[in-house]
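What follows is a short report on a single structure.
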Amino acid sequence: MSEARREVATHCPYCALQCGTLLGRDGAGAAVRPDPGFPVNQGGLCQKGWTAPTLLTVPDRLRTPLVRGADGAFTPADWDGALDTVAERLRRIRQRYGPDAVAVFGGGGLTNEKAYLLGKFARLALGTSQIDYNGRFCMSSAAAAGTAAFGVDRGLPFPVADLGRADTVLLAGANPAETMPPLMRHLGRAELVVVDPRRTPTAERAALHLQPVPGTDLALALGLLHLAVVEGHRDPRYVRDRTTGFEAAWQYAMTWWPERVERVTGVPVEAQRTAVRMLADAARAYVLTGRGAEQHSKGTDTVAAFINLALALGLPGREGSGYGCLTGQGNGQGGRELGQKADQLPGYRLIADPAARRHIAAVWGVDAECLPGPGRSAYRLLDALGTPGGPRALLVFGSNPVVSAPRAAHVAQRLAALDLLVVADFVPSETVALADVVLPVTQWAEEDGTMTNLEGRVLRRRRLLDPPEGVRGDLDVLHGLAVRLGEPPERYPTAPREVFEELRRATRGGRADYCGISYERLDAGEELHWPCPAPGHPGTPRMFLDRFAHQDGRARFAAVDHRESADAVGDRYPLYGTTGRVLAHYQSGAQTRRVPELGAAAPQMYVEVHPDTAARAGLAEGELAAVSSARGRTVARVRLVATMRTDTVFLPFHYPGTGRANLITGDALDPRSEMPEFKVSAVRIEPHPGPA
Ligand SMILES: Nc1nc2c(c(=O)[nH]1)N[C@H]1C(S)=C(S)[C@@H](COP(=O)(O)OP(=O)(O)OC[C@H]3O[C@@H](n4cnc5c(=O)[nH]c(N)nc54)[C@H](O)[C@@H]3O)O[C@H]1N2
Ligand SMILES: Nc1nc2c(c(=O)[nH]1)N[C@H]1C(S)=C(S)[C@@H](COP(=O)(O)OP(=O)(O)OC[C@H]3O[C@@H](n4cnc5c(=O)[nH]c(N)nc54)[C@H](O)[C@@H]3O)O[C@H]1N2
Ligand code: SF4
Ligand SMILES: [Mo]
């Protein structure tokens, strides 16, 4: 790295907006400023983005491999020693129990190159089917519904900047004012319809806020479709020429007349009517979903119902209108199409599809027969750890499931039951604390690679700094392990560019085709959205303008009906407990809790409660409450919020220990996406007698 290069154009390490930043040296560390030329953030950054460099030099950064000794304590090790230990123990476990006894858990924050190599490493070097990743907890319901409707799933099938010309945008279960603040710059012109049980900062900016009972969006979306049809807003030409399946979908929506919807959701009939009119009267309108609508045991059907509404109004695939899902993690999009998902191979290919297997096997230089089949999805995988017939070893790259997985106390027990837990991370997360071997890896500013943002735009992450001594890149770690497991070294390149060149070939002809994208084109400043099937191809910022990706070119309505959440509120647990995010913290908080400014902005676990609900429970502002469900309890400070529904409490999931929101969440999964029900638990709130 030349010292002369004082500033590089790169992207924020956190969320899927991937704000453009200029990263420069600042003493021993680095400083960022927004890249004014990048159209997605238009010169904006949130608090997390501004403070991201702090984590590069945080005092407890992992700087040496650690191996747990017989006494239970971590001992620093050199890299050769640590990798030898891991390889030797993996080999023994595999010999004794077979290849599926070793599992891999990846992350949507990994670069495309890392996600691709991790999937290849699992299938070839380990020969295991047992790989999945935290994106299962994030995007999977929208991905399943989007694929079924459109034939392919790209978070936003249009550039973010298109939202800037919208007249109406419906946001179902998304709070971008806190989760993607610079996105709000594009939503300044539009009238917003926000569907959220809480009056969030996003809802404050809305022309219309619908405040449903948690877990009832499916009924609401069916009701909005009902009204759109009976009030004559359906676009009959579009429905006839560009879609199939309306009649079957209508059989359900027909029965969701507005009064019935009001009874189930609590959203007044008049507000339903206004929402439909605002969408139907707009020349340009968008329907967007976030985790609030998706993280349910009926998340896939809920997204499908919102897509049905968008299709009836003729929005998807029309310039200036559409449906999209707001992707979450930095590489939430790329992470889900490059082969770290249990049922997928690179290019969004299905691992059970013989043609897909042949194509990938040829790129990898192996026989298709030696590729394993589909494995367990994320929660099922975690739940099976250390059980008879389940994995005995787990390698974690880019997730902190002790805090972020549902039913977290149970998941921590499963992790503790393993023969071997290996975690690659750059900070001592709560999952690192349970590991047998810890591998310290590089961070964004110390590495090259690519990320794919929420609009399918492929971006360059660029290296400015040399990693601290003792720290290696994830690609080096995978290479080192693979070679020790007897793989040919050239099969696991350590240079990101080389991995990308292979990844291009692997995705060729797949649904997410990166074949025409190269570091050269990206570095020359080209704006490239996949699919980009050839080197001369301009990429595809707007999808579906002529046809959808199904063979007949048509989008599919889905025949879906409402159903209850898995957890029923009742005498014992009378309230809806829902969970989500706050501005200052990111995910499990492993990173942002270490940044002093962010820690100070949101220092400790709290629960948002309506004053009447709190009073009934004998609780006042600032007091400690125990929030319990059938799974367990979490301890949180009461924050009185007058705009809350009286039947609902809200818990952020960024905090560790006894304040983990996931101590109360359960293991109900969506039958199609296997998304956990993070957004609805039946809970009770009461004073917590002791210290937190
Ligand atoms: N500050 C911050 N930003 C982030 C992240 C972060 O951790 N912190 N994470 C990134 C990632 S990975 C993701 S996935 C995105 C998520 O971004 P969002 O989807 O915006 O985030 P959430 O807070 O999980 O959920 C959004 C809203 O859903 C509401 N909600 C809860 N239950 C329901 C329900 O039943 N129906 C409806 N309609 N709404 C409901 C919550 O009140 C919440 O305001 O954010 C990304 N950006
Ligand atoms: N109750 C509740 N639970 C939730 C949610 C919710 O809304 N409510 N949301 C869910 C969602 S949408 C998500 S996305 C998950 C996220 O939850 P997690 O998967 O736990 O995500 P992070 O906290 O980002 O954890 C990433 C870890 O990997 C490390 N890391 C970051 N980049 C890299 C890298 O390049 N290489 C390696 N080796 N390590 C890296 C970080 O330091 C951190 O420790 O949480 C889910 N859990
Ligand atoms: S909005 Fe997302 S990408 Fe942009 S600065 Fe904040 S965390 Fe980073
Ligand atoms: Mo996410």
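The values are calculated or read from the model by the stated rules, or taken from the named source; none is laboratory data. The structure presented is a predicted model; accordingly, all values stated were derived computationally and were not measured. Every residue, glycine among them, receives a Cβ derived from its backbone with ideal geometry; neighbour counts consider all protein chains shown. Accessible surface areas use protein heavy atoms only, side chains included; no ligands, DNA or RNA. Shrake-Rupley method; radii C 1.70, N 1.55, O 1.52, S 1.80 Å.
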Problem - Odd one out for V477 among (1) open to solvent by less than 10 Å² (accessible area, probe 1.4 Å); (2) under 30 Å from D78 (Cα atoms); (3) without any contact (Cβ under 8 Å) to a residue 40 or more places away in the chain - result: (3)
Problem - Failed item, numbered, when L83 is tested on (1) within 16 Å of ligand 3 (Cβ to nearest atom); (2) modelled with pLDDT of 95 or more - result: (1)
Handout entry: Extreme residue, nearest to L17 (Cα to Cα), among residues of the range 560-586 that are more than 16 Å from ligand 4 (Cβ to nearest atom), among the small types (G, A, S) and open to solvent by less than 60 Å² (accessible area, probe 1.4 Å)
Key = A584
Practice task
Sort through T265, T244, T216 and tell me the only one that's on the phi < 0 side of the Ramachandran plot, without any contact (Cβ under 8 Å) to a residue 60 or more places away in the chain and among the hydroxyl-bearing types (S, T, Y).
Solution key: T265
Problem - the range 587-643, residues that are open to solvent by 50 Å² or more (accessible area, probe 1.4 Å), of a type in the set (S, T, N, Q) and closer than 30 Å to A433 by Cα - result: Q604
Handout entry: Pair list, Cβ under 6 Å, 6 or more apart: the range 6-26 residue within 16 Å of A584 (Cβ to Cβ) and touching a residue at least 40 places away in the same chain (Cβ under 8 Å), other residue within 16 Å of ligand 4 (Cβ to nearest atom) and open to solvent by 20 Å² or more (accessible area, probe 1.4 Å)
Key = Y14/Y586
Problem - Residue that is nearest to ligand 3 (Cβ to nearest atom), among those in the range 403-437 that are open to solvent by 20 Å² or more (accessible area, probe 1.4 Å) and within 13 Å of A661 (Cα to Cα) - result: S404
Completion exercise
Residues in the range 26-47 that are open to solvent by 30 Å² or more (accessible area, probe 1.4 Å) and at negative phi total 9
Practice task
Pick out the one residue from G339, G386 that is at positive phi, in contact (Cβ under 8 Å) with a residue 40 or more places away in the chain and away from ligand 4 (no atom under 16 Å from the Cβ).
Solution key: G339
Problem - the range 129-154, residues that are surrounded by fewer than 24 Cβ atoms within 10 Å (Cβ to Cβ) and in a loop (DSSP other than H, G, I, E, B) - result: S129, G151, V152
Completion exercise
Pairing a residue in the range 196-212 that is more than 16 Å from E262 (Cα to Cα) with any residue that is open to solvent by less than 20 Å² (accessible area, probe 1.4 Å) and assigned to a loop (DSSP other than H, G, I, E, B), where Cβ atoms lie under 6 Å and the two sit 6 or more apart in sequence or on different chains, gives T200/N175; T202/N175; A203/D196
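What residue, of G188, G215, G245, is farther than 30 Å from P13 by Cβ and either open to solvent by 20 Å² or more (accessible area, probe 1.4 Å) or more than 10 Å from ligand 1 (Cβ to nearest atom) (or both)?
After applying the criteria, what remains is G245.
If I ask for residues that are open to solvent by 10 Å² or more (accessible area, probe 1.4 Å), more than 16 Å from ligand 1 (Cβ to nearest atom) and of a type outside the set (D, E, K, R), which ones from the range 109-128 would you list? Lay out the reasoning, then the answer.
The first filter runs over the range 109-128 and keeps only residues open to solvent by 10 Å² or more (accessible area, probe 1.4 Å), leaving 109-110, 114, 124, 127.
Adding the requirement that they be more than 16 Å from ligand 1 (Cβ to nearest atom) leaves 114, 124, 127.
L124, G127 - these are the residues of the range 109-128 that are open to solvent by 10 Å² or more (accessible area, probe 1.4 Å), more than 16 Å from ligand 1 (Cβ to nearest atom) and of a type outside the set (D, E, K, R).
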Practice task
Please report, ordered by residue number, the helices (runs of 4 or more DSSP H) entirely within the range 314-394 with at least 2 residues that are closer than 30 Å to H410 by Cα and open to solvent by 30 Å² or more (accessible area, probe 1.4 Å).
Solution key: 378-384
Handout entry: Test result for G266, within 16 Å of ligand 1 (Cβ to nearest atom), open to solvent by less than 50 Å² (accessible area, probe 1.4 Å), of a type outside the set (D, E) and under 19 Å from L187 (Cβ atoms)
Key = no
Practice task
Determine whether the range 580-596 contains at least one residue that is charged (D, E, K, R) and either out of contact with any His (no Cβ under 9 Å at 6 or more places or on another chain) or under 30 Å from Q251 (Cβ atoms) (or both).
Solution key: yes
Fill in the blank from the handout: Residue set T643, T658; condition of a type outside the set (D, E, K, R) and not in a loop (DSSP other than H, G, I, E, B); output residue T658
Completion exercise
Those strands (runs of 3 or more DSSP E) completely within the range 1-82 that have 2 or more residues that are in contact with a Lys or Arg (Cβ under 8 Å, 6 or more places away or on another chain) and within 16 Å of ligand 4 (Cβ to nearest atom) are none
